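Single-structure report; data block below.
Just so it is clear, none of the values below were taken in a lab; they were calculated from the coordinates. This structure is a prediction, so every number in the text was calculated from the model and none was measured. Positions of Cβ are backbone-derived with ideal geometry, glycine not excepted, and every protein chain shown enters the neighbour counts.
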Amino acid sequence: MDRRESLRTLLIGGAGTSLLLSCRLDEDTDVSKLTDIKEREFDYGRTPAEEARDEALLEQDFYTDEEMKTIIVLSDIIMPGDGSKPASEAGVPEFIEFITKDIPSHQTPMRGGLRWLKNESYKRYEKDFVDLSKEQQIAIIEDIAYPEDVKPEFTQGAQFFSRMRNLVTTGYFTSKEGVEYLGYMGNKPNVWDGVPADVLQKHGMKYDEKILSRSIKPEERNDIEDWEGYEI
Amino acid sequence: MSFQIIEQSPKYDVCIVGSGAGGGMAAKILADKGFKIALVEAGPNFDPANPQQRTQLRWPWESPRRGAGTMRPFGDFDMAYGGWELDGEPYTRAQGTEFDWFRSRMLGGRTNHWGRISLRFGPLDFKRKDFDGKGDNWPIGYDDVKPYYDKVDKLIGVFGTRENIPNEPDGYFLPPPKPRLHELYFQKGTSKIGIPMIPSRLSILTKRVNKKRAACFYCNQCSRSCSVYGDFSSSSVLVNPAMETGKVDLYTNAMVREVITDGEGNATGVHYINKEDLKDYRIKAKVVILAASACSSARILLNSKSSVHPNGLANSSNVVGKYLHDSTGSSRMAFMPSLMDRKRYNEDGVGGMHLYTPWWLNDDKSLGFSRGYHIEYWGGMGMPAYGFGFNMENLNGMVPGIDGETKKAGGYGVELMKDVKRFYGSLVGMAGRGESIPQEENRCEIDKEKVDKFGIPVLKFHYKWTEEEVKQAAHMQDTFEEIISNMGGMALGEKPGKDSSYGLENPGRIIHEVGTTRMGSDPKKSVLNKYNQAHDVPNLFVMDGGSFVSQADKNPTWTILALAWRASDYLADEMKKGNI
């Protein structure tokens, strides 16, 4: 089972697991051809070398299932959703799995950080982090979530949490759900005609006559420029 | 294993090596004049409208790394195949020196991702030595190039405004877009301290210049190369029409090893390695134009040794590879409390800043350094990509929350999500791009030991900034802080100090490297004459940035284009007269 599928399994839980597994374990039926026929998950104008590297990374696992479960829980603690989907449903764990393989400098701090968290969980509660109650989880997180205000015994944990916060935040806000939540309005053909009037007013700004007279007028944008009478 | 060089059968009038700004322009002008041309490109064919190559209008989640710069240094969606490191194509640096060499291998080269900042050099920029006694003058002046700048403006299109500023010559400008909100804040800040800020001059079509290219639709993604050709890239704007003449044969994935010469030392063509079948080929031509980028062209010349040219081709002066210089760069970021909690609207605009600061202190002799810089600005509610939202702990403890309470920096949960939203669009930044003084010792030469995977000897770089550039960077940093405080911002991070040379980037990082085959009137001190023609080899030209005597604080592309057009006109005349 490759990482993409095992992640899906971890995310959807028990029932899904048995369904996926039963399919793969049926040795009498060669389903490999069927499962190979899939549209490329990522199709974004790659060169052949780039595509090959993406594919190779997607086929590898970095995190163990146990680590991945912790990442899923942490993702939802950091970005639980705010009238929007939580991080685990916005593709954040999948992104973290990929980026850790893609940027190897994340590997040791992430692996070690997850281990730090596990150790801390056992020290306090004799259980793994994912098996703690919500209150217990938050008690640990509170100790490592504020790097300027952290007790000496938690500084390494705070380092790890800051990295985790970076990855979850960037993963969330670069997902479809996150971009919608953020309210980014661009990435589509449009016509820029300056800052909206109410925004200018709110900020005490205005376009002076010189700017207005010289700037492009939207209705002229499709005209072919005529240099007749233009002097420099 | 037999070694054989396969001869391409047609003999061409002109063989052009490289399809970027210089090579594309030469191909267009000479094809229009009816010459039969071989255009040789080391990378693959490329068209931003090809859905298999397009990155424009893609979303961050279409990339598994959300656009991070692992594969392409400026991120997954940037349209430069290549970077500062290429697989199997190393380069080396002399100990204690720094140079980072950016190469892009594709039709159109680096013009597919560049900033479209299209500034003319001014009268002073060609004659700086007359003004400050340093470096060398160009053998030509602004008046020699002006007619070609005019033609380039009209052919390609550039927006801007006529400002009548000395040494910032006006051109044939399309109307500029209105400034964005953060740019108005910048303008407010700069005007308080007497620093000018004027509409940018970018080769982006706010209006159309012909029927084949559509107007800009304001997606802010010029770095991804425009699928409607609404900005300038050599492949879309020059090579495409050149191909349509039927006069150009395009050779892609063709890595040129050397220029071939005859017994008298004249160029007879080029020898290249086809990257697909790994065989060696030869193209014969009456004239060879190198436009492979300043350092690549120097490398080809230095590797083209023969009994007539034991020192490399066109190198009796021993100047090939020397006087390598890049623009300086230093930058700073700031946080603008008044730009928090912004109303959302689409402010993508064109790909790049709508306003910029041209160098304003030409007449100030008390600065402690000689050459100037311009300032580029960024900010706004842009599309998130990998890195977005990083280091919130450095921001969200700086100002009171919506409830008026300043909270602990960092955090998690719904509060953190709301913070990311609040701070969106409140970060701005600026970067200086300055002129350095070319030094003979700053150079590239052939490494005596290493070859690349094609067996071609590689370049070794020697480059050190001088005190001039360091002092200029210090001035940039002081200026940035002054601007930030006057616009109501808070500078982020530590101010770069002496220990980091005031944030001065390594040479090569600004990707304006030029000067390696400089032009001049004295064949003992220069490689090319004032028409980009090799002093030693009349049927050999270099039409990339290699010909520059000095790189002003202006970005080099517009001048490369103008000089390539001028040199192509000269070349055509000489061929007609039978001189070549």
I'd like the distance between the alpha-carbon centres of the stretch A:139-159 and the stretch B:541-574, rounded to an integer number of Å.
58 Å
With charges set only on the Cβ (+1 for Lys and Arg, -1 for Asp and Glu), what does the dipole of chain B come to about its Cα centre, in debye to the nearest 20?
1180 debye
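Take the Cα atoms of the stretch B:463-576, build their convex hull, and give its volume per residue in Å³. Don't skip to the end; give the middle numbers.
Numbers: hull volume 14.4 nm³, N = 114.
Each residue corresponds to 126 Å³ of Cα convex hull volume.
What does the net charge come to around residue B:7 if you take all other residues with beta carbon closer than 13 Å to its beta carbon, with K and R at +1 and D and E at -1? List each step's numbers first, then the result.
Values: positive: B:11, B:279, B:282, B:284; negative: B:280.
In short, +3.
Starting from the Cα coordinates of chain B, work out the convex hull volume and express it per residue in Å³. Mind showing how you got there, number by number?
On the way: hull volume 91.4 nm³, N = 580.
Measuring per residue, one finds 158 Å³ for the Cα hull of chain B.
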Using only Cα atoms, locate the centre of the stretch B:319-341 and the centre of the stretch B:42-99, then give the distance between them in Å, rounded to an integer.
20 Å
Using the number of other C-beta atoms within 10 angstrom as an exposure proxy, rank B:325, B:271, B:354 with the fewest first.
B:271, B:354, B:325
HN-Hα J couplings of the stretch A:196-203 from phi, Karplus 6.51/-1.76/1.60, θ = phi - 60°, integer Hz, Gly and Pro as x?
x, 4, 5, 6, 4, 4, 4, 8
Tell me, in nm to one decimal, what length is gained between residue B:440 and residue B:307 on full extension, where the rule is 0.36 nm per residue of separation less the Cα-Cα distance?
45.3 nm
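With a cap of 14 neighbouring Cβ atoms within 10 Å, and only residues DSSP puts in a loop, list the trypsin sites (Lys or Arg not before Pro) found in the stretch B:237-325. Write out the running numbers ahead of the final one.
Numbers: sites: B:247, B:257, B:275, B:279, B:282, B:284, B:286, B:299, B:305, B:322; in loops: B:247, B:275, B:279, B:305, B:322.
Answer in residue order: B:279.
Provide the FRET efficiency to the nearest 0.05 for the residue B:192-residue A:51 pair, computing r from the beta carbons and using R0 = 56 Å.
Using R0 = 56 Å, I get an efficiency of 0.65.
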Give me the one-decimal nm value for the distance between modelled label points at residue B:274 and residue B:163, 7 Å along each residue's Cα-to-Cβ direction.
5.1 nm
Relative contact order, percent, of the stretch A:64-213 when contacts are C-alpha pairs under 8 Å separated by at least 6 residues?
24 percent
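How much length is gained if the chain between residue A:210 and residue A:180 is pulled fully straight, taking 0.36 nm per residue apart and subtracting their Cα-Cα distance, in nm to one decimal?
Numbers: separation 30, 0.36 × 30 = 10.80 nm, distance 3.65 nm.
That works out to 7.2 nm of additional length.
Sequence gap at least 6, Cα distance under 8 Å: using those rules, report the relative contact order of the stretch B:356-421 to the nearest whole percent.
Values: 44 pairs, mean separation 14.5, N = 66.
Answer for the stretch B:356-421 is 22 percent.
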Hey, for a label at residue B:415 modelled as a point 7 Å past Cα toward Cβ, could you say which residues of the stretch A:118-154 have their backbone N under 11 Å away?
A:142, A:145-146
Take the Cβ-Cβ distance between residue B:467 and residue B:363 as r, set R0 to 35 Å, and report the resulting FRET efficiency rounded to the nearest 0.05.
0.95
Report, in degrees rounded to the nearest 10, the 0 to 90 angle that the Cα long axis of helix B:413-423 makes with the longest principal axis of chain B.
70 degrees
Please get the size of the charge dipole for the protein assembly as shown, origin at its Cα centre, with Cβ charges of +1 on Lys and Arg and -1 on Asp and Glu, quoted in debye to the nearest 20.
1680 debye
What number results when the radius of gyration of the stretch B:498-560, computed over Cα atoms, is divided by 2.2 N^0.38 Å?
1.36
³J(HN,Hα) across the stretch A:69-84 via Karplus (A = 6.51, B = -1.76, C = 1.60, θ = phi - 60°), whole Hz, x for Gly/Pro?
4, 5, 4, 5, 5, 4, 4, 6, 5, 6, 10, x, x, 9, x, 10
Could you point to the residue in A:211, A:109, B:307 farthest towards the positive end of the protein assembly as shown's charge dipole, with +1 and -1 charges on the Cβ of Lys/Arg and Asp/Glu respectively?
B:307
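Evaluate E = 1/(1 + (r/R0)^6) for residue B:50 and residue B:524, where r is the Cβ-Cβ distance and R0 equals 51 Å; express this FRET efficiency to the nearest 0.05.
Details: r = 48 Å, r/R0 = 0.94.
The formula returns an efficiency of 0.60 here.
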Cα-based helix-to-principal-axis angle, B:467-486 vs chain B, degrees rounded to 10
30 degrees
Cα centroids of the stretch B:396-459 and the stretch B:356-374: how far apart, whole angstrom?
25 Å
Tell me the net charge near residue B:502. Cut-off is 13 Å between Cβ atoms, residue B:502 excluded, with +1 for each Lys or Arg and -1 for each Asp or Glu.
-4
Could you compute the net charge surrounding residue A:45? Neighbours are other residues with a C-beta less than 13 Å from the C-beta of residue A:45; K and R count +1, D and E count -1.
-2
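If the protein assembly as shown were replaced by its equivalent ellipsoid, with semi-axes equal to the square roots of 5 times the Cα gyration tensor eigenvalues, what would those be, largest first, whole Å? Don't jump to the answer; show the numbers that get you there.
Working: eigenvalues 448, 222, 128 Å².
The three semi-axes for the protein assembly as shown are 47, 33, 25 Å.
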Label-point separation (nm) for residue A:128 and residue B:574, each offset 7 Å from Cα along Cα-to-Cβ?
7.4 nm
So, in nm, how far is label residue A:191 from label residue A:136 when the simple model puts each one 7 Å beyond its Cα toward the Cβ?
6.3 nm
Loop-exposed GluC sites (Glu not before Pro) per DSSP, neighbour cap 15 Cβ within 10 angstrom, longest uninterrupted part of chain B
B:277-404
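Nearest 20 debye, what's the magnitude of the dipole of the stretch A:64-213 about its Cα centre given +1 on Lys and Arg Cβ and -1 on Asp and Glu Cβ?
On the way: 18 positive and 25 negative charges, 51 e Å.
Using Cβ point charges on Lys, Arg, Asp and Glu, the stretch A:64-213 gives about 240 debye.
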Mind listing the phi-derived Karplus ³J(HN,Hα) values for the stretch B:293-303, rounded to whole Hz, using 6.51, -1.76 and 1.60 with θ = phi - 60°, and x for any glycine or proline?
4, 3, 6, 5, 5, 4, 4, 4, 4, 5, 7
